[in-house]
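The values are calculated or read from the model by the stated rules, or taken from the named source; none is laboratory data. The model shown is predicted, which means the values in this text are computed figures rather than measured ones. All Cβ positions, even for glycine, are placed from backbone atoms using ideal geometry, and neighbour counts span all protein chains on display. The protein model used for the area step is the full one, side chains on, heavy atoms only, and it has no ligands, DNA or RNA in it. Shrake-Rupley method; radii C 1.70, N 1.55, O 1.52, S 1.80 Å.
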Amino acid sequence: MILVLAALSVFAIAAVAVGREARRLDAVAPRAVYDVDEAVAYVADALPEPSQARLTYDELRQLLQAHMAQLRRKGLQPPTAVDQRQDIVSSVVVDDTGDAGYLIGQAESRGLDVTDEDVVHVVDAHLAYLRDIGAVGPPADDDASGDR
């Protein structure tokens, strides 16, 4: 009888502990880890062949860093890399056309020899990478993007 009570007590303690941790983890947003080397490789592989032939890894890295700086200014990246509660108050809508225009200007100011078409492909592939690592959600519907 004491063995049964001991087993039930252990089970109850374990169930409470697991339940508490599950609730805590459910409230915390999954952490997306951005690795610039991984991003460069991903984007390079995702680019069309003509863009792959024209862009160097250094140019691609500079474009991705400029794009991440632009996204941070829009509020996409948290100020610190800590667990964040899932309390999304307003959506951050990323406009790939605006980002491409910004990067075209950045490429010119940095003296990069890239075409506008290549920059558009870089933005598309970079946003796909960010979706794959869980840093951004899927494309917004036209009706759901009222927070622009």
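Tabulated data
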item: Surface accessible to a 1.4 Å probe, E117 within the full protein complex, Å²; result: 110
item: Under 16 Å from the E108 label point (7 Å along Cα→beta-carbon), backbone N, region 44-65; result: none
item: Gain in span if fully extended, E49 to I133, counting 0.36 nm per residue against the direct Cα distance; result: 27.9 nm
